[in-house]
Amino acid sequence: RKFRMSLENIVIIGMPGSGKTSVGKSVARNMNREFIDIDLEIEKTVKMKPSEIINQYGEPHFRQLETEELRRHCMKNEVVISTGGGSILKRENYYYMKENGMLFLLERELSKLDRKDRPLSKSIEKLYEQRKEKYIDFSDIIVQNENIEETAKEIEGKFYE
Ligand code: S3P
């Protein structure tokens, strides 16, 4: 297979618990690219977990931090970026993500989403209703995530010809 030369970032969006981090790590490993997890970058910057920031300072404050990290990391080249599930809530974020990136939406059955340590996932159906159009609107390519390795391969496949 021939590698399609591309400096484009791979940006992964989707519902909380849909597997963005696992799939992103796998893609980065297979393609030998740097992996960046926006939630983790926020955590490194403020020394608090996203759930703690939201619980203590509220969601708007967290969203500001999120936009700042997205802006900073999406300027890079050839990296794999996993975003937080709410990154589609601000239009501004779209322009940062699209700056140099191909946006992959991970879809997964709501009942299969991982809800561990996710304060906003209490009512997943409602969250999905509020967000689904935005996820689709932001995405370049939609992939169904049933299996981490298969999904990673599908994403990588878009960079080969
Ligand atoms: C959020 C999802 C979380 C994290 C924060 C808010 C959301 O990331 O950014 O708790 O609004 O959907 P994951 O999608 O990795 O769970």
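The values are calculated or read from the model by the stated rules, or taken from the named source; none is laboratory data. None of these values were measured; they are calculated from a predicted model. In this analysis, Cβ positions are derived from the backbone assuming ideal geometry, glycine residues included, and neighbour counts consider all displayed protein chains.
Scan Leu40, Leu106, Leu110 and give me the residue that is among the aliphatic types (A, V, I, L, M) and buried (at least 21 other Cβ atoms within 10 Å of the Cβ). Full working, then the answer.
Details: Leu40 fails: buried (at least 21 other Cβ atoms within 10 Å of the Cβ); Leu110 fails: buried (at least 21 other Cβ atoms within 10 Å of the Cβ).
None of the other options fit; the residue is Leu106.
Tell me whether the stretch 146-159 contains one or more residues that are surrounded by 13 or more Cβ atoms within 10 Å (Cβ to Cβ), of a type in the set (Phe, Trp, Tyr) and either within 21 Å of Ile42 (Cα to Cα) or at pLDDT 95 or above (or both).
no
Would you confirm, using the coordinates I've provided, whether Pro16 is at pLDDT 95 or above and surrounded by 14 or more Cβ atoms within 10 Å (Cβ to Cβ)?
no
Give Leu110, Leu103, Leu89 a once-over and let me know the one that is within 16 Å of the ligand (Cβ to nearest atom) and at pLDDT below 95. Steps first, please.
On the way: Leu103 fails: at pLDDT below 95; Leu89 fails: at pLDDT below 95.
Result of the check over Leu110, Leu103, Leu89: Leu110.
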